[in-house]
């Protein structure tokens, strides 16, 4: 290596250290969807009069963040918010265990959010945003001397994210959340860096954003008053179910005070209320678009067959240890649509964003031709929507609480 090459490499390494770029094994060493199937069936399905009463009176909220916003018990946050603010509608291209939409991606640091912030397929337009990010950046603090630098870099990246959200014409408010307390025995300075970042943001927020378009959500101070109850025993980064109830209780009064937003009109003329759906299946390629980590529902039509159908679902990826290849059994096609749900896996923890292929076999291992394939992010009902192509409005299927209503 010559002198110039050495300088370039040294600068690159220094840049990673200074900017707080992606750090492996950030919020949790092992993320698993095991044990997360309970508690989804009680998401409320709205009656026709309830749907009509909600139309144009909802508060659409897009929650941006890392695995705290999404992974493991994260959808309980939205469930608790719904109990306190029934008119909230969750907006996002991702979906959690209860089928609520959001824009959280596991393992994200501020660098990860900045990399996707302008991609509307990963952070959609919305009037109201809740941004909680930075806890993964704090992992870069390995000693006490690192804390001020890591905190300062984290805050500068957060300001960039907020600025990009404010630049969107649809944005009314951005709720900027303080970084939550955490305890990781192997990284004792992580919590100190997050707390220092909060201190810097509190001091600078009013100067940077003098209007009321950016609102501080103070989670850290009230939680630290009950830190033993919050953290419990052992390491904790992700809140437990009761922990999500706590932070929902802090944010709910701010959310309920917001102005409702009229229903978006998808066709240009007033019509029935429904939910915007995107069919992620690409017919000409016989596969899905690359799927963001989350829960999905697959549905299709098949001719009459005897016995159950076996559906093989596999992804296409060249990333090692990121393959998905599972077989699902579904009721045989008898004119009805067949459907099943699946979870891709957590990004960075055994899954890489990739397209999925579908193969359907009958009981005799013969390939079955299917039509009207639909792959959509799971809704709170856990059922497939009315079939459609591309982006369309489903004004036929039942609507659940927390879904954003639009006009067909």
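Some points to look at:
- Flag if residue 59 is closer than 18 Å to residue 347 by Cα and modelled with pLDDT of 95 or more: no
- Residue in the stretch 366-373 that is surrounded by 21 or more Cβ atoms within 10 Å (Cβ to Cβ), touching a strand residue (DSSP E or B) at 6+ places or on another chain (Cβ under 6 Å) and over 26 Å from residue 97 (Cβ atoms) present: no
- Here the helices (runs of 4 or more DSSP H) wholly within the stretch 160-258 that include at least 2 residues being in the same structural domain as residue 77 (by TED's automatic domain parsing) and within 15 Å of residue 69 (Cα to Cα) are 241-256.
- Only one of the numbered conditions (1) assigned to a loop (DSSP other than H, G, I, E, B); (2) more than 27 Å from residue 296 (Cβ to Cβ); (3) modelled with pLDDT under 95 is violated by residue 121, and that is (2).
- Strands (runs of 3 or more DSSP E) contained in the stretch 331-408 and holding at least 1 residues in the same structural domain as residue 283 (by TED's automatic domain parsing): 337-343, 356-361, 370-377, 391-394
The values are calculated or read from the model by the stated rules, or taken from the named source; none is laboratory data. Here the structure is a predicted model, which means the values were calculated and not measured. Glycine gets a Cβ as well: all are built from the backbone with ideal geometry, and neighbour counts include every protein chain shown.
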